1. State all residues of the stretch 27-49 that are free of Cβ contacts under 8 Å to residues at least 60 places away in the same chain and either among the hydrophobic types (A, V, I, L, M, F, W, C) or closer than 13 Å to Tyr82 by Cβ (or both); if no residue qualifies, say none.
2. Do you know which of the residues in the stretch 155-176 that are β-branched (Val, Ile, Thr) and surrounded by 18 or more Cβ atoms within 10 Å (Cβ to Cβ) is farthest from the chain's Cα centre (by Cα)?
3. What are the residues in the stretch 68-81 that are surrounded by fewer than 17 Cβ atoms within 10 Å (Cβ to Cβ) and either in contact (Cβ under 8 Å) with a residue 12 or more places away in the chain or among the charged types (D, E, K, R) (or both), if any?
4. In the stretch 137-149, what residues are part of a loop (DSSP other than H, G, I, E, B) and either without any contact (Cβ under 8 Å) to a residue 40 or more places away in the chain or not aliphatic (A, V, I, L, M) (or both)?
5. Being at pLDDT below 85, closer than 19 Å to Leu141 by Cβ and out of contact with any Cys (no Cβ under 9 Å at 6 or more places or on another chain) is the requirement here; does Gly109 meet it?
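The values are calculated or read from the model by the stated rules, or taken from the named source; none is laboratory data. None of these values were measured; they are calculated from a predicted model. Every residue, glycine among them, receives a Cβ derived from its backbone with ideal geometry; neighbour counts consider all protein chains shown.
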Amino acid sequence: MKEKQLSFRDERPQDMEKYLEEVRENRFPLSLLLDHVEDTRNLGALFRLADAARLQHLWALGEADLFDSRIIRRVSRSAMAYVPHHAINMDEARELSRRQNLVALEITGNSIPYTEFQPSAPCVLVIGNEKDGVSEELLGLCQASIHVPMYGVNTSMNVAMATAVAVYGLLEKLGK
């Protein structure tokens, strides 16, 4: 079977403004909360994922100038322009946990495989730092902890890759 691969222009809607409005108004009830994710390439990839999966929001614990990076904009392929995002502090994360269900993507003594977890909307997937994972303080705010099963020699995978696996699994469970 030899099919022509669609080009970027083939996939673009005719009325881009109308399409952007539809995206803004019809986001899926899943967001990301990044716990001090530091690598700019990971941040860019997570923005690109948030756009591709039409996620509700991307929050990041850390410095307010976190998003001022040319590398993030380049890796995200300008997705920052389309994904609602804010840098927040721990007090704001606590407030967020009172309004939405926080679920850590972190292997813990109580975590279950993401394939066995049934999320309830709205849901915020908490993503940990590349080296240290999700902080104890933030884990304490989470209603559940899920993980991507590891069948190989390594016991972890890149944070952006693991997040993509979990996001699409959760969206499927949410009926998207």
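1. Arg27, Leu43, Phe47, Arg48
2. Within the stretch 155-176, the subset β-branched (Val, Ile, Thr) is 155, 159, 163, 165, 167.
From what's left, surrounded by 18 or more Cβ atoms within 10 Å (Cβ to Cβ): 159, 163, 167.
On the way: Val159: 10, Thr163: 6, Val167: 7 Å.
If we take residues in the stretch 155-176 being β-branched (Val, Ile, Thr) and surrounded by 18 or more Cβ atoms within 10 Å (Cβ to Cβ), then Val159 is farthest from the chain's Cα centre (by Cα).
3. Matches in the stretch 68-81: Asp68, Ser69, Arg70, Ile71, Arg74, Arg77.
4. Residues of the stretch 137-149 that are part of a loop (DSSP other than H, G, I, E, B), as a first pass: 140-143, 148-149.
Correct list: Gly140, Cys142, Gln143, Pro149.
5. On the way: at pLDDT below 85: no; closer than 19 Å to Leu141 by Cβ: yes; out of contact with any Cys (no Cβ under 9 Å at 6 or more places or on another chain): yes.
In short, no.
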